[in-house]
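The values are calculated or read from the model by the stated rules, or taken from the named source; none is laboratory data. Since the model is a prediction, treat every value here as computed from it, not as a measurement. We place every Cβ from the backbone using ideal geometry, glycine too, and count neighbours over all the protein chains shown. SASA here: full protein model, heavy atoms, side chains in, ligands and nucleic acids out. Shrake-Rupley method; radii C 1.70, N 1.55, O 1.52, S 1.80 Å.
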Amino acid sequence: MLYLYIWLFPILAGALSWLLKSEKLNKLLILIHSVIHLGFGLALFFPGRRLSAALNIDNYSVWFFAVSALLYFAVAIYTLQQDQRLSPRQSSIYAVCLMAFVASMDGANLSRDLGLIWVFVETTTLASAMLISFEHHKQSLEAAWKYLFICSIGIALAFMGILLLIIAQPATPSLSLDRIIQRGYWINSFWLKLSFVFMLIGFGTKVGLAPMHFWLPDAHSEAPAGISALLSGALLNTALLPLLRMQKVLSAAQLGYLASQLFIALGLASLFVAAVFILKVKNYKRLLAYSSIENMGIILIAFALGDLAGKAGLIHTLGHSLIKAAFFLSAGNLYSLYKAKDYNRCSGLLSRDPNTGWLWLICFVFIIGMPPSPLFFSELYIALGLLASGNYFVLALWFILLASIVYGLGKASLEICMGYSEEKTRLPFSQYLPQAMLLLLAVAVPIAVLLLRP
Amino acid sequence: MADVLLVIFGVSLLFASITNMLSGIVKILVWQGLILFLLTILKTTQLNLWEFAFVALETIVFKAILIPWFIQDTINKNGIIREVEPSVSNFFSLGVMTAIFAFGFFIALWSGKSSPKLYPLHFGIAFSAILKGLFIIIANKKLITHLMGYLIMENGIFLLSLAIGSDMPHIVSLGVSLDIMLSILIAVLFINKISSTFQEGDSDELSILKD
């Protein structure tokens, strides 16, 4: 029933949008959908989590849903006054696909059945592939092809993992996480390990973990700004969630150590790939995409460690999503100002458009984990977790790779912001407001959650 | 009967290793679709009319007719005259397929030991088909061949879901149908667009975006 409610508005609004084909109406429908979405997200949090308890929605689901709701609302505001240069038909396709994309993510975030989670993750691929190739030029087509094809293979492998999980269960197998965890002790360990490896590769492809990350920089750099923000801030989390669920299954079967080891290995590989490419690439949207790979690596390491570091992982998820979405939306401003994606051709941002310039600089300061960024606190706790668990080598490597990433991002950000520009431009207010709101929330929400904790 | 069909399915994988004709792989897809239909009928003990229609739609209509027809149509329309263009020789490909079979059956023996409800021949062939699909994607340059590799992999996954048999929750059928939808999206929307945008339709051409 819950899924029907999630899909009800997108289906009705999608039909209306397709029939009337009006750009203004489409923007309004997206905004209304995002407001309903945000309202539901808030209702899950307050008061006393009664609604989430009644709907049997766990804390992970509430957290990931709320993050995606905030991002969607910000993107809906951002696109209100944005000149997307779309025909009425294209605008309707955009609206339908965007609402379907968000509803699919909601389904995956809220479900506690691995089969349903898989189905919804697959539908995110179907809906978002269209959004990535929206500009219909060679590059966007190439990006969409890589995204669709690589993620389809990944998702097919994850499906195989689910089939193996059915084999692993002794009798009357189920895909309900609660039931699987309940009988964790009796699950066949060989099949469970094999199943986890397939799911890690499968869903890991969608998370953009190295070495399965090849689609991510292409898709994030070629998609429109709002879609890049959702891909990076919300979709990667949605794909991560089934892996976190499977980690619990493995722990119930006394195999938690295997999940932790594999998480740390893939997390470090992602950090390494990001550190190498951030020093090399000149396309600022690709830089941000590699930074997403880095952060997903950090989050994976956090959840591998568990305890306080695991909680820090949740804060990191929130912080990264909000900051990165603000960063991608600012990158959208940058592109509309300079019509170039190479940062060597975009200097003097602070002088040309101080609002975007300051937003860019704050995003940079926040994403590298400087206080008051929530990433400062999460990374601090993850580092302490690595120390406490005796992973000194991982910690040392992490610091080295992080330093290189900070250098790469800093070099690009300073080149973009500094310098002088003769031209002065001012974009519509709604193209600054969402970023400011997201950055403010990135600082305020973790504090509020800590204060409101019972 | 089911064993014979499984062996024919396995032979079709070997044939995919040695054929250089795109139309040869299309024929393999048609045969595999038909075999999957027959296997579903044979392996499922209770099949009502609705389920029968669903299975027939998935296997015969989509897997054996629509998708192969569409691929053949794309080949003809875009004048793809050069054939499969593998990056490795047929001999090497056949060797790899043999190794994949060996590995598949090795895993199948494990399945026989630790999970008696699984039939090793069925599991071994399904597992080999999945790996073979991945190998075709890795070892070929043409995007249309990549799509065919993906479809062979999907057929392997379908076969694996049959191996689970009556234990299979309904959600798995939904998953299989969604995979078919995804194959259609890849095929219809992108292969056509890509073929019209990029001249040769080779993966080498898709390298504008790189670091």
Pair residue A:87, residue B:57: separation of 7 Å Cα→Cβ label points (nm): 3.2
Within the accessible area of the protein assembly as shown (1.4 Å probe), percent carbon and sulfur: 70
Applying a 10 Å radius around every beta-carbon, put B:131-141, A:174-184 in order of their mean neighbour count, most first. B:131-141, A:174-184
How many square angstrom of accessible surface are buried between A and B, both sides summed, with a 1.4 Å probe and rounding to 100? 4200
Anything in chain A that counts as a DSSP H helix reaching 24 Å or more along its axis (C-alpha) with Kyte-Doolittle mean of at least 1.0? List them, would you? A:2-20, A:23-45, A:59-80, A:114-132, A:138-168, A:189-207, A:256-278, A:284-305, A:392-417, A:433-452
Using a 7 Å offset from the Cα along the Cα-to-Cβ direction at both residue B:211 and residue A:392, what is the distance between the two label points in nm, to one decimal? 3.1
To the nearest Å, what is the center-to-center distance of the stretch A:310-327 and the stretch A:233-253, using C-alpha atoms only? 16
Order the peptides B:90-101, A:104-115 from the highest to the lowest mean number of other Cβ atoms within 10 Å of their residues. A:104-115, B:90-101
Along Cα→Cβ, 7 Å out, is where each label goes; now give me the distance between the ones at residue A:440 and residue A:400 in nm to one decimal. 4.3
Peptide-level mean, for A:110-119, of C-beta atoms on other protein chains within 10 Å: 3
If all Cα-Cα distances of the stretch A:261-380 are sorted into 5 Å bins from 0 onward, what percent lands in each bin, rounded to whole numbers? 2, 12, 19, 22, 18, 12, 7, 4, 2, 0
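In nm, what is the difference between 0.36 nm times the number of residues separating residue A:351 and residue A:450 and their Cα-Cα distance? Show your work: numbers first, answer last.
Details: separation 99, 0.36 × 99 = 35.64 nm, distance 3.86 nm.
That pair, residue A:351 and residue A:450, stretches by 31.8 nm at full extension.
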Beyond a 24 Å Cα-Cα separation, which of these cross-linked pairs lie in this structure: A:280/A:339; A:341/B:77; B:27/B:210; A:324/B:210? A:341/B:77; B:27/B:210
Hey, got the average number of other protein chain Cβ atoms within 10 angstrom for residues in A:162-174? 4
Highest to lowest packing among A:35-46, A:372-383, scored as the average C-beta count within 10 Å: A:372-383, A:35-46
With 0.36 nm assigned to each residue of separation and the Cα-Cα distance removed, residue A:139 to residue A:430 gains 102.0 nm
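Can you tell me the FRET efficiency between residue A:308 and residue A:20 if r is taken as the Cβ-Cβ distance and R0 is 41 Å, rounded to the nearest 0.05?
Once rounded, the FRET efficiency stands at 0.20.
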Express the relative contact order of the stretch A:174-265 as a whole percentage, based on alpha carbon pairs under 8 Å and six or more residues apart in sequence. 39
When you look at the Cβ of every residue in B:148-154, what mean number of other chain Cβ atoms sits within 10 Å? 2
Accessible area in square angstrom per residue, the stretch A:255-454, 1.4 angstrom probe: 40
Using 1/(1 + (r/R0)^6) with R0 = 60 angstrom and r between the beta carbons of residue A:59 and residue B:42, what's the FRET efficiency to the nearest 0.05? 0.85
Taking only Cα atoms of chain A, the Rg to Rh ratio with Kirkwood Rh works out at 0.95
